[in-house]
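Here is the structure we will look at.
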Amino acid sequence: MKNTQRQVIIAGNWKMHKTTRQATALVEEIQSAADGEKNLPEIVLIPPFTALVAVEKCLRKSAIKLGAQNMDWHDEGAFTGEISPLMLTDLNVQYVLVGHSERRQYFGETNTTTPLRIKAALTHGIKPILCVGEMIDEREAGLTDAVVSRQVGAALGELNSEQFFHVSIAYEPVWAIGTGNHCAAAEANRVCGMIRKTVAALLARLEDSTGNGEPFNANRLPILYGGSVKGSNIAEYVKQEHIDGALVGGASLISEEFLAIIQAAQERVKRAAKATPSNTPTAHR
Ligand code: PEP
């Protein structure tokens, strides 16, 4: 993949839903429709911890990836109720959400703890999806860009260029999550473009490179939109310049909805393939 070509990602965050049996049924429905399809985006299923084992078993022969909703940054220790990166890699988890707004609102996640999780994930070969987004009062006070760029800088400011190859960001305005009140696609695109500029500025400060490889280019960073995405509105998002897919909550629990979202993302994958010469060398992702 070229240093400016971006991966298209559709991730389904199941939050605190689905027993093991229900999770298995949902994965089987998604898998039987998606496997064998052409131009698929990277599909990531993010069940609750209790369903990871069952979902991993279903996905063993599939291109669909497995993600976790959160992760502690210690390898092990006296941290009752927490799950470590070692426990996730043991279950072949490839992605982890970091800084989801529900973790920030209800479980004490802050701009101090997100970088710890990001670094621990990368150390263990797990790809973090950093979630950022403003609250409604912050938007109304004109603070959206300041809040979001601060969240991005805090979480990613100490990474080196090589580490950025394994990171994605989801812009999720908090007021749009689970409310049905999705952010207008043009505005979501504007904020995602601002996030890309923020990452470019972080990279410009780095003096290191990836050793023998090319340094990471911010144009390569997958940036997803999240917040009341459904089969009926996804097409608008994946048409936008800076939106490379979606982090989907409620609609990822219904196979028809999630499959409709995947189908719309296939259009973006097709467009990207047309725009890129087929002999472009592949890099890290
Ligand atoms: C989410 O949980 O990240 C999310 C975007 O939820 P929903 O799609 O339900 O708004």
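The values are calculated or read from the model by the stated rules, or taken from the named source; none is laboratory data. It should be emphasised that the depicted structure is a prediction, and the values quoted were computed from it without experimental measurement. Using ideal geometry, Cβ is built from the backbone for each residue, glycine included, and neighbour counts are taken over all protein chains shown. Only protein heavy atoms, including side chains, enter the accessible area calculation; ligands, DNA and RNA are left aside. Shrake-Rupley method; radii C 1.70, N 1.55, O 1.52, S 1.80 Å.
Structure above, values below:
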read-out: Which numbered condition SER62 misses (of (1) away from the ligand (no atom under 16 Å from the Cβ); (2) part of a helix (DSSP H, G or I)); value: (2)
read-out: Counted residues, segment 175-192 - those being of a type in the set (Gly, Ala, Ser), part of a helix (DSSP H, G or I) and within 19 Å of the chain's Cα centre (by Cα); value: 3
read-out: Any hit, segment 193-212, residues being free of Cβ contacts under 8 Å to residues at least 40 places away in the same chain, aliphatic (A, V, I, L, M) and either in a loop (DSSP other than H, G, I, E, B) or within 16 Å of the ligand (Cβ to nearest atom) (or both); value: no
read-out: Conditions (1) out of contact with any Gly (no Cβ under 9 Å at 6 or more places or on another chain); (2) at pLDDT 95 or above; (3) open to solvent by 20 Å² or more (accessible area, probe 1.4 Å); number of the one not met by LEU206; value: (2)
read-out: Those residues of segment 248-261 which are crowded, with 23+ Cβ neighbours inside 10 Å and in a helix (DSSP H, G or I), in sequence order; value: SER252, PHE258, ILE261
read-out: Tally, over segment 16-47, of residues that are assigned to a loop (DSSP other than H, G, I, E, B) and buried (at least 18 other Cβ atoms within 10 Å of the Cβ); value: 4
read-out: Of the criteria (1) free of Cβ contacts under 8 Å to residues at least 60 places away in the same chain; (2) more than 16 Å from the ligand (Cβ to nearest atom), which one HIS166 fails; value: (1)
read-out: Residue match in segment 170-188 (condition: among the aliphatic types (A, V, I, L, M), surrounded by 18 or more Cβ atoms within 10 Å (Cβ to Cβ) and away from the ligand (no atom under 15 Å from the Cβ)); value: no
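Rundown of residues vs (1) within 16 Å of the ligand (Cβ to nearest atom); (2) modelled with pLDDT of 95 or more; (3) crowded, with 16+ Cβ neighbours inside 10 Å; (4) part of a loop (DSSP other than H, G, I, E, B), yes/no style:
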{"residue": "GLN240", "(1), (2), (3), (4)": "no, yes, yes, yes"}
{"residue": "ILE243", "(1), (2), (3), (4)": "yes, yes, yes, yes"}
{"residue": "ALA246", "(1), (2), (3), (4)": "yes, yes, yes, no"}
{"residue": "ARG268", "(1), (2), (3), (4)": "no, no, yes, no"}
{"residue": "PRO281", "(1), (2), (3), (4)": "no, no, no, yes"}
